[in-house]
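> Dropping the structure in here first, questions after.
Just so you know, all these numbers are worked out from the coordinates, no wet-lab data involved. A quick note: this is a predicted structure, and the numbers were derived from the prediction, not measured. All Cβ positions, glycine included, derive from the backbone under ideal geometry; neighbour counts span all protein chains shown.
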Amino acid sequence: MRIAFLDRDGTLVPEQPDDVWSTLDRLDLIPGTTEALKSLQLLGYELILITNQYPIGEGVLTQSRYDELAQGLLDVFTDNGIDVLDVFYCPHARGDGCDCIKPRPGLIQRALEKYPATELERSILIGDSDSDMELAIHFGMKAFALPGSAQAVIHPLVNRVETLSDVLPQLATTTNDSPDQMTHPLQ
């Protein structure tokens, strides 16, 4: 099973200052997100969100408010024909020392435990932070860095893109089955 591991904040929805999250009525999508996610699914990727939500652990955002915002986002995806396989999030404060705050491996390890058929060598990670890129490198996954803080990590697995839609042409030319295999997955 191929997975597109997707960061949430700054990748699918606009990044916000920490103190703003609890005041939002809903999470708005970055333009082009719906179409890009549908295309990822057409290319054979299952979608899993992986997100650091340290404002919960730091008392800025309550668990119930996070749950409401997250469910609202999933409802928007469902209403637009997008099937999100799962969401894994870290609710811990940045200084808690947990194993799940990115770039630590806990979120993807949990996904692998729940979905053992995941083929990491055929999966991807898309995010906007250095921690996203470091996590992808840890697992040997191809990564796509959106503008944001994801500028410091230089690695052969990390590809720079301007928008989520810019990932698609790169995926349409390779299947990730092998470095030598160049095909269009929809042919």
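> Mind checking the full-extension length gain between D86 and D25? Use 0.36 nm per residue of separation minus the Cα-Cα distance, one decimal, nm.
19.7 nm
> Using Cα pairs under 8 angstrom and six or more residues apart, how large is the relative contact order of region 129-170, in percent?
38 percent
> Turning to a different aspect of this structure: Could you please rank M133, M141, M1, placing first whichever residue has the fewest other Cβ atoms within 10 Å of its Cβ?
M1, M141, M133
> Plugging the Kirkwood radius over Cα pairs into Stokes-Einstein for region 2-173, at a temperature of 25 °C and a viscosity of 0.890 mPa s, what D comes out in µm²/s?
Taking Rh from Cα pairs, D becomes 152 µm²/s.
> Related question: With r defined as the distance between the Cβ atoms of L42 and E121 and R0 fixed at 22 Å, what FRET efficiency is calculated, to the nearest 0.05?
About 0.60, to the nearest 0.05.
> List the trypsin sites (Lys or Arg not before Pro) within region 1-91 that fall in a DSSP loop (any state other than H, G, I, E or B) and whose Cβ has at most 15 other Cβ atoms within 10 Å.
In loop regions of region 1-91 (DSSP not H, G, I, E or B), the sparsely surrounded trypsin sites (Lys or Arg not before Pro) are R26.
> Hey, what number do you get for the chain at 222 nm if only DSSP H runs of n ≥ 4 count, each worth -39500 (n - 2.57), divided across all residues, to the nearest 500?
When only DSSP H runs of four or more count, the value is -8500 deg cm²/dmol.
> Against the longest alpha carbon principal axis of the chain, how many degrees, from 0 to 90 and to the nearest 10, is the axis of helix 33-42 turned?
That helix lies at roughly 40 degrees to the long axis.
> Subtract the Cα-Cα distance of R94 and D67 from 0.36 nm times their separation in residues, and report this length gain in nm to one decimal.
Here the segment from R94 to D67 would lengthen by 7.8 nm.
> If amide hydrogens are placed 1.01 Å from N in the peptide plane, which non-local residues have theirs closer than 5 Å to the one on V13?
Correct list: I30.
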